[in-house]
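The values are calculated or read from the model by the stated rules, or taken from the named source; none is laboratory data. Predicted model, so just to flag it, every value in this text is computed and none were measured. Neighbour counts are summed over all protein chains in view; Cβ atoms, including those assigned to glycine, are modelled from backbone coordinates with ideal geometry. SASA here: full protein model, heavy atoms, side chains in, ligands and nucleic acids out. Shrake-Rupley method; radii C 1.70, N 1.55, O 1.52, S 1.80 Å.
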Amino acid sequence: MTVYLVGAGPGDPSLLTVKGAEVLRRADVVVYDRLSVASLVDLAPPDAERISVGKTPGHPSAPQEEINALLISHGRAGKEVVRLKGGDPFVFARGGEEAQALLDAGVPFEVVPGITSAVGVPAYAGVPVTYRGLSTSFTVVTGHEDPWAATETDWDAVARVGGTIVILMGVATRAAIGERLMAGGLSPDTPVAAVRWGTRPEQRTIRTTLGQLGAVVIEPPVTLVVGAVADLNLRWFEARPLFGRRVVVTRAREQASELVDRLQSLGAETVELPAIVIDDPEDGGAELRECAAWLSRGDFEWVVFTSANSVDRFCALLRDAREFGPTKVAAIGPGTADALRRFGVEPDLVPERFVAESLVEVFPSGKGKVLLPRAAVARDVIVTGLATKGWAVTVVVAYRTHPVEPSATALAEAAKADAITFTSSSTVTNFVQMAGLDAVPPVVACIGPVTSATARDAGLTVDVVAEEHTIDGLVDALVSALATND
């Protein structure tokens with residue numbers, strides 16, 4: 001039984017430490033605050049108890065004494081408990097009080113430090129807290145206390161010490177803080193950077209001066225950086241091509257990570273709204289298993305794969321790549337080819353254009369058998385096209401797709417997006433059925449001509465069609481389209 005006081009970092013979930021992720025993945029109980037990122041809480045096992053102790057609309061946060069008692073109770077029950085706190089647990093996060101309570105109660109605990117917002121947020125705003133010739137030190141201070149009635153903070157001393165001043169939780173008292181620092185000797189022209197929602201997709205940086213700080217309209221949560229370094233603008237996070245854009249991803253959740261990662265790396269805020277879920281064939285995969293057995297006997301001259309899903313489902317039934325033997329393999333595009341390579345198979349044929357028509361065009365004429373594992377619902381272009389070239393095509397269902405019923409909250413978030421991405425005809429059809437045309441964001445991006453044709457047939461205006469029908473091609477096309485809409 002151990003209670004882990006884990007620093008979640010300033011907001012960007014990728015800033016969580018390796019140790020923090022490790023303890024979350026084996027947690028029995030997660031106690032978290034309002035600023036905790038949902039994706040971090042989701043790292044815990046599905047059956048882990050999740051307890052929110054942060055503020056919610058209309059309700060205050062839980063008193064510290066109750067949080068301490070909660071940690072002690074679950075710790076004594078022999079559970080692995082993670083107390084997830086924004087930033088670093090020992091920097092203005094009351095982690096020290098929780099550690100003291102656990103120590104007094106005899107409950108084992110560990111501290112997992114996190115990146116404090118006092119350093120991480122300025123870095124994401126392009127403001128180094130130290131800089132040769134400008135600042136050789138930095139002071140971190142809470143602005144939560146009334147500067148004029150301060151009992152713990154000597155604001156005159158803070159002003160005199162020089163260097164950079166980083167103020168956390170100082171939005172409500174910013175005017176008085178500015179006055180105190182100027183009274184302590186700082187110039188009204190001292191640069192200030194106010195960073196709201198630092199390290200998150202909605203980050204915004206406002207530049208002002210100490211004299212104007214009280215007049216600037218800002219809302220929490222904000223990290224204030226005061227000093228000469230605040231005049232630097234080593235902009236990178238907010239300069240990414242999709243920064244400030246919200247994009248809906250409709251791929252099945254188990255497939256969405258590649259697209260989500262690419263969009264987020266370019267600055268986009270993503271809304272995952274899977275329009276489909278991948279499921280087994282109606283027969284539970286019996287026919288697919290039978291075809292896999294036939295492959296090992298050399299019954300087919302070719303196997304044609306039209307999606308990474310069909311590769312994953314079929315190859316999972318084989319011992320290894322040697323099962324293909326002399327059978328040649330065709331892939332409809334690079335994504336499918338990459339899935340084959342992960343299994344140790346180099347495809348013999350990949351068309352230059354990643355659609356069924358192109359695959360049929362370059363497929364050799366011949367006689368023999370071709371196996372086509374595919375989705376339950378698919379176009380018959382390959383079946384008829386290869387048949388005209390002399391091949392006997394055996395079609396086997398590798399998987400089915402089903403529509404997903406989204407939550408009202410997810411649909412509301414999607415409606416506020418700038419763009420939506422479709423990577424297959426089924427994602428288009430199911431999204432329109434479940435959400436309606438009115439829920440579609442202003443920019444519609446499709447991975448290829450087949451998907452875009454389905455979208456137009458459904459009544460959508462297609463703004464973006466990837467020239468290269470891959471995830472990278474879709475992202476590149478979306479970047480170009482949204483850049484021209486600025």
Report, by residue number, each residue of segment 366-388 that is surrounded by fewer than 14 Cβ atoms within 10 Å (Cβ to Cβ), of a type outside the set (Gly, Ala, Ser) and not in a helix (DSSP H, G or I). 367, 377, 380
Being within 28 Å of residue 432 (Cα to Cα) and in contact with an Asp or Glu (Cβ under 9 Å, 6 or more places away or on another chain) is the filter here; which residues of segment 275-308 pass it? 277, 278, 281, 308
Return yes when residue 397 is farther than 18 Å from residue 468 by Cβ, under 34 Å from the mean Cα position of the chain (by Cα) and surrounded by fewer than 20 Cβ atoms within 10 Å (Cβ to Cβ) and no when it is not. no
Search result, residues across segment 450-486 that are in a helix (DSSP H, G or I), open to solvent by 50 Å² or more (accessible area, probe 1.4 Å) and touching a strand residue (DSSP E or B) at 6+ places or on another chain (Cβ under 7 Å): none
Enumerate the pairs (first residue in segment 216-227 and closer than 15 Å to residue 178 by Cα and open to solvent by less than 20 Å² (accessible area, probe 1.4 Å); second residue anywhere and hydroxyl-bearing (Ser, Thr, Tyr) and at pLDDT 95 or above) with beta-carbon separation below 8 Å, excluding pairs fewer than 6 apart on the same chain, so at least 6 apart or on different chains. 223/117; 225/164; 226/164; 226/190; 227/135; 227/164; 227/190
So which residues in segment 118-143 are in contact with a Pro (Cβ under 8 Å, 6 or more places away or on another chain) and part of a loop (DSSP other than H, G, I, E, B), if there are any at all? 128, 129
From the set of residues in segment 228-266 that are farther than 16 Å from residue 473 by Cα, of a type in the set (A, V, I, L, M, F, W, C) and outside any loop (DSSP other than H, G, I, E, B), which is most open to solvent (accessible area, probe 1.4 Å)? 228
Within segment 390-400, is even one residue in a helix (DSSP H, G or I) and either hydrophobic (A, V, I, L, M, F, W, C) or over 25 Å from residue 287 (Cα atoms) (or both)? no
Checked segment 62-90 for anything open to solvent by 50 Å² or more (accessible area, probe 1.4 Å) and either within 31 Å of the chain's Cα centre (by Cα) or within 9 Å of residue 5 (Cβ to Cβ) (or both); matches are 79, 90
Given the condition within 26 Å of residue 195 (Cβ to Cβ) and under 12 Å from the mean Cα position of the chain (by Cα), answer yes or no: does some residue in segment 236-243 qualify? no
From (1) open to solvent by 50 Å² or more (accessible area, probe 1.4 Å); (2) touching a residue at least 12 places away in the same chain (Cβ under 8 Å); (3) closer than 26 Å to residue 250 by Cα, pick out the condition that doesn't hold for residue 310. (1)
Among residues of segment 45-57 being surrounded by 12 or more Cβ atoms within 10 Å (Cβ to Cβ) and closer than 21 Å to residue 200 by Cα, the residue modelled with the lowest pLDDT is 55
Output the residue which, of all residues in segment 124-143 that are of a type in the set (Gly, Ala, Ser) and buried (at least 18 other Cβ atoms within 10 Å of the Cβ), is modelled with the lowest pLDDT. 143
Tell me the residue from 441, 403 that is over 23 Å from residue 291 (Cβ atoms) and open to solvent by 40 Å² or more (accessible area, probe 1.4 Å), please. 403
Considering only residues that are part of a loop (DSSP other than H, G, I, E, B) and either in contact with a Leu (Cβ under 9 Å, 6 or more places away or on another chain) or open to solvent by 60 Å² or more (accessible area, probe 1.4 Å) (or both), which ones fall in segment 144-158? 144, 146, 151, 152, 154
Is there a residue being polar (S, T, N, Q) and in contact with a strand residue (DSSP E or B) (Cβ under 9 Å, 6 or more places away or on another chain) anywhere in segment 411-421? yes
Considering only residues that are touching a Lys or Arg at 6+ places or on another chain (Cβ under 7 Å) and either surrounded by fewer than 17 Cβ atoms within 10 Å (Cβ to Cβ) or under 19 Å from residue 109 (Cβ atoms) (or both), which ones fall in segment 9-31? 28, 29, 30, 31
Of the conditions (1) under 34 Å from the mean Cα position of the chain (by Cα); (2) in contact (Cβ under 8 Å) with a residue 12 or more places away in the chain, the single one that residue 96 does not satisfy is (2)
Taking only pairs six or more apart or across chains, which ones have beta-carbon atoms under 8 Å, a first residue in segment 287-298 that is in contact (Cβ under 8 Å) with a residue 60 or more places away in the chain, and a second residue that is outside any helix (DSSP H, G or I) and loosely packed, with under 14 Cβ neighbours inside 10 Å? 295/325
Those residues of segment 159-183 that are β-branched (Val, Ile, Thr) and open to solvent by 40 Å² or more (accessible area, probe 1.4 Å) come to a total of 1
From (1) at pLDDT 95 or above; (2) touching a helix residue (DSSP H, G or I) at 6+ places or on another chain (Cβ under 9 Å); (3) among the hydrophobic types (A, V, I, L, M, F, W, C); (4) surrounded by fewer than 20 Cβ atoms within 10 Å (Cβ to Cβ), pick out the condition that doesn't hold for residue 206. (2)
